[in-house]
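Here's the structure, in structure tokens; my notes come after.
The values are calculated or read from the model by the stated rules, or taken from the named source; none is laboratory data. What you see is a predicted model; the values in this text were computed from it and never measured. Please note: Cβ atoms are built from the backbone with ideal geometry, for glycine as well, and neighbour counts cover all protein chains shown.
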Amino acid sequence: MRIPNFTDVLRARRVISEHLTPTPMWSYPVLDAALRAKVYVKHENVQPTGAFKVRGGITMLFSMDAEYRKHGVVAYSTGNHAQSIAYAARLFGAPCVITMPERANAEKVRAVRALGAEVLLDGATVDEAAAHATRVAVERGMRLIHADEPELIAGVATCYMEMFESMPDLDAILVPVGSGTGAAAACLAAAALAPKCRIIAVQSEASPAAHESWRLGKCVSQSNRTIAEGLATGRGFALPQEIIRGKLADFILVSDASIRCAQRLMLTHAHTLSESAGSAAVAAVLSYPEDFAGQRIGVVCTGGNASEREMPEVLCADFKRENLERTLHVATASA
């Protein structure tokens, strides 16, 4: 297992700059008032796939030998990683197969197919889809891409490079965690560019595998029931865990209800329709307001691929009154 370093991040940036432009990072006064902190939102939801993971996909496919790449790649995902690999495979002319859970977000399934990838729906969870992907890779002689890929982490770290270039004196960056590539990437960038900035991981308490793996110092499996597709992993991954161990300032668990509240807040206070995982960092500020009050906080809207089935819960008036105001401690009234 090779651990990526900052040189890898610099190489990834050179590759990515040929295909993607830097995404904006903005603050919103009404959001700041509600959260009682200066919050800078990095808008990875405007990437061509609607999510930050495309950075890792491009870096990964570029790094493969051209002859080897012709055999194709296989990946498993609930959606955003799938689109990332499918997008990069099309960019570099590689065959691509994606396995997804049977009840995957229909919009994401359509998007992956539109990018030219073959989609195989199998299993109730992403972990069962992963087992299918492994079988497909062996049967077809294709390269299996998983979370323990240094190129994926190096590519994602370019997002945090851009954040520190725009705002080098951030007090903390909060990073949503599923497999942990984002948190690992943030740790790499911060160590080189902003060592005083605290990197804080955020995961749903309904799917706490990465958190428990970090806490225990070894990769473990846990229940996987979160509503947030991008956070829905049932086990820890070795490479991200190796990088974040000893480098995170903290690892926070938040409720799925607070994630829904954060989605609502992003929509009403930051003009942003984020998917559930893309709101997890804001959910952490909502859940622990005293820990972040008055600070300069960076959050990444990691994705904007919200499904239609999410919208009723996000927009429900009763949900807003009863849950959002309670979580905010009625902060929205003063905003």
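Computed values, structure above
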{"quantity": "Strands (runs of 3 or more DSSP E) within region 11-122 that include 3 or more residues buried (at least 19 other Cβ atoms within 10 Å of the Cβ)", "calculated": "38-43, 73-76, 96-100"}
{"quantity": "Selected residue (criterion: nearest to Asn305 (Cα to Cα)) from residues of region 57-114 that are among the aromatic types (Phe, Trp, Tyr) and over 16 Å from the mean Cα position of the chain (by Cα)", "calculated": "Tyr87"}
{"quantity": "Lone qualifier among Ser223, Ser207 - being farther than 17 Å from Ile259 by Cα, assigned to a loop (DSSP other than H, G, I, E, B) and small (Gly, Ala, Ser)", "calculated": "Ser223"}
{"quantity": "Residue under evaluation Ala147, criteria (1) closer than 22 Å to Gln295 by Cβ; (2) crowded, with 19+ Cβ neighbours inside 10 Å, criterion not met", "calculated": "(1)"}
{"quantity": "Residue ID - surrounded by the fewest Cβ atoms within 10 Å (Cβ to Cβ), chosen from residues in region 204-216 that are touching a residue at least 40 places away in the same chain (Cβ under 8 Å) and not small (Gly, Ala, Ser)", "calculated": "Glu205"}
{"quantity": "Residue satisfying condition, being in contact with a helix residue (DSSP H, G or I) (Cβ under 6 Å, 6 or more places away or on another chain), assigned to a helix (DSSP H, G or I), surrounded by 19 or more Cβ atoms within 10 Å (Cβ to Cβ) and of a type outside the set (Val, Ile, Thr), within set Ala192, Ala186, Ala201", "calculated": "Ala186"}
{"quantity": "Region 268-283 residues that are at negative phi, paired with ones that are of a type in the set (Lys, Arg) (beta carbon under 9 Å, 6 or more apart)", "calculated": "Thr268/Lys320; Ser276/Arg260; Ser279/Arg260; Ser279/Arg264; Ala283/Arg260"}
{"quantity": "Qualifying positions in region 240-257 - modelled with pLDDT under 95 and out of contact with any strand residue (DSSP E or B) (no Cβ under 9 Å at 6 or more places or on another chain)", "calculated": "Gly246, Ala257"}
{"quantity": "Residue match in region 229-238 (condition: over 14 Å from the mean Cα position of the chain (by Cα), in a helix (DSSP H, G or I) and surrounded by fewer than 19 Cβ atoms within 10 Å (Cβ to Cβ))", "calculated": "yes"}
